[in-house]
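Input: a single structure, listed below in structure tokens.
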Amino acid sequence: MAMAALALQQHLFKFSKRNSWVPQRNCLKPIKISKVRLISCSSSETTTTNTAESCVNLGLSLFSKGRVKDALSQFETALTLDPTPIECQAALYNKACCHAYRGEGKKAAECLRTCLREYQLKFGTILNDPDLASFRALPEFKELQEEARLGGEDIGYSFRRDLKLISEVQAPFRGVRKFFYVAFAAAAGISTFFTVPRLIRAIQGGDGAPDLLETAGNGAINIGGFAILVALFIWDSKKEEEQLAQITRDETLSRLPLRLSTSRIVELMQLRDNARPVILAGKKETVSLAIQRAERFRMELLKRGVILVPVIFGEGKKPQIEKKGFGGSAKASTSLPSIGDDFESRAQSISAKSRLKAEVRFKAEVVSPTEWERWIRDQQKSEGVTPGEDVYIILRLDGRVRRSGRGMPDWEQIVNELPQMDALLSKLEK
């Protein structure tokens, strides 16, 4: 949650750049992260006049000191003081962050749902904000994300519009095809409308009646063409929905957290250009055996930037929610993802990138196993694989899926397939 105060003449959200590990075509916010930041108008923490602005400011100040309950009360009070749309959005959004910190997923989802519907909040803000990391590990986030993907009066259409823009980049001629489907289907329908009376006259016969076979043939062509065009339109629309769902899953994958060998926690997208993650998902015995076999090819796999990401099914049945935000213990804070402005500034220098490469070693540990397992199962359903079956997924340097399969991978085949990091093909892959 951002610390500061409302400035009535300035926009609510500020943006700061972040390296994206997923491909640009799949990023809802490729290089930007939305963050609620409010500009301070006064150095005083309290004010004698109770306004929505002062309550939001005081709530932010209280939250920074760990007084989440008191901060939540201030945000609720701000909503009762005739706030402006910007003030209302700030109060609701930061109220959602408080609920997320307290593990109250349903209440956080309701606040965010209202922001999306009534105050044009970008869904990318929810995806990018580290203060909502604990909320993104809850089932309520999955429900909210699915609602946003489908769009509607209850959730707004901004997220779906973003998805459709990405979809158009991936399939640039789909819109043109659908336009011609509709146009030609309409033409076939109109032609059929005029052909039916002629066909009736041909059947009745008599002087001046059109030829029966010719008229019947024309009618059959029109009806057949209409049916085929409608079927193609439905098929293309179905493919578009599947593509939107896959883009959503790709975006979710890019936000999943990992703990590197140095205990630093990063989101998967931060490894872009530095590693080729290989996700091993399944039973503990199967995954452990696959890792043991990979040890034989350790040096060759490291030369190719491979980092193993084991996901053991069932490990996250009793997840410990890592609450994020100011006011947490120092120990807890150090275990949270090192993302945001601090990571961005360090990652700009060559030496910092070199250190990150050094940290990206042979194996990483998943953080929030429940969230990882949920993503794996969603991916399995989309690919027609039985949920819970052992699978592996190999990602490219740019974040796209190179290939996947049932069971565990053949490491010798992977060594032969992947180019080394300093090879030309690897540079083209970035």
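Summed over the range 79-108, residues that are part of a loop (DSSP other than H, G, I, E, B) and not polar (S, T, N, Q) total 7.
To keep it simple, each residue is scored yes or no on (1) more than 23 Å from Val176 (Cα to Cα); (2) surrounded by fewer than 13 Cβ atoms within 10 Å (Cβ to Cβ); (3) of a type outside the set (Lys, Arg); (4) modelled with pLDDT of 90 or more.
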| site | (1), (2), (3), (4) |
| --- | --- |
| Arg201 | yes, no, no, no |
| Gln204 | yes, yes, yes, no |
| Asp207 | yes, yes, yes, no |
| Leu212 | yes, no, yes, no |
| Gly217 | yes, yes, yes, yes |
| Phe226 | no, no, yes, yes |
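Just so you know, in the range 98-109 the residues that are touching a helix residue (DSSP H, G or I) at 6+ places or on another chain (Cβ under 8 Å) and over 20 Å from Glu251 (Cβ atoms) include one that is surrounded by the fewest Cβ atoms within 10 Å (Cβ to Cβ), and it is Lys106. Filtered by the rule that a residue be open to solvent by 10 Å² or more (accessible area, probe 1.4 Å), under 16 Å from Glu251 (Cα atoms) and outside any loop (DSSP other than H, G, I, E, B), the range 118-135 gives Pro130, Ala133. Of the residues contained in the range 170-191, none is found to be over 49 Å from the mean Cα position of the chain (by Cα) and assigned to a helix (DSSP H, G or I). Test of understanding: among Leu260, Leu268, Leu253, Leu229, which residue is in contact (Cβ under 8 Å) with a residue 40 or more places away in the chain and in contact with a Leu (Cβ under 6 Å, 6 or more places away or on another chain)? That would be Leu268, the only listed residue that is in contact (Cβ under 8 Å) with a residue 40 or more places away in the chain and in contact with a Leu (Cβ under 6 Å, 6 or more places away or on another chain). Within the range 168-185, the set of residues being out of contact with any helix residue (DSSP H, G or I) (no Cβ under 6 Å at 6 or more places or on another chain), among the aliphatic types (A, V, I, L, M) and open to solvent by 50 Å² or more (accessible area, probe 1.4 Å) comprises Val176, Val182.
For Arg18, the conditions (1) open to solvent by 60 Å² or more (accessible area, probe 1.4 Å); (2) among the basic types (Lys, Arg); (3) at pLDDT below 50 all hold with the exception of (1). Identification of strands (runs of 3 or more DSSP E) wholly contained in the range 236-335 with 2 or more residues that are over 30 Å from Gly151 (Cβ atoms), aliphatic (A, V, I, L, M) and at pLDDT below 90 yields 265-267. Say we look at the range 232-250 and pick out the residues that are touching a residue at least 60 places away in the same chain (Cβ under 8 Å) and acidic (Asp, Glu); which of these is least open to solvent (accessible area, probe 1.4 Å)? Checking each candidate, the answer is Asp236.
The set of residues from the range 402-426 being under 16 Å from Val309 (Cβ atoms), loosely packed, with under 15 Cβ neighbours inside 10 Å and either small (Gly, Ala, Ser) or in contact with a Leu (Cβ under 7 Å, 6 or more places away or on another chain) (or both) comprises just one member, Gly405. Looking at Ala216, Ala220, just one residue is free of Cβ contacts under 8 Å to residues at least 12 places away in the same chain and within 30 Å of Ile200 (Cβ to Cβ), and that residue is Ala220.
The values are calculated or read from the model by the stated rules, or taken from the named source; none is laboratory data. A quick note: this is a predicted structure, and the numbers were derived from the prediction, not measured. No Cβ is skipped: glycine too gets one built from the backbone with ideal geometry, and neighbour counts run over all protein chains shown. Side chains included, ligands, DNA and RNA excluded: accessible areas come from the protein's heavy atoms. Shrake-Rupley method; radii C 1.70, N 1.55, O 1.52, S 1.80 Å.
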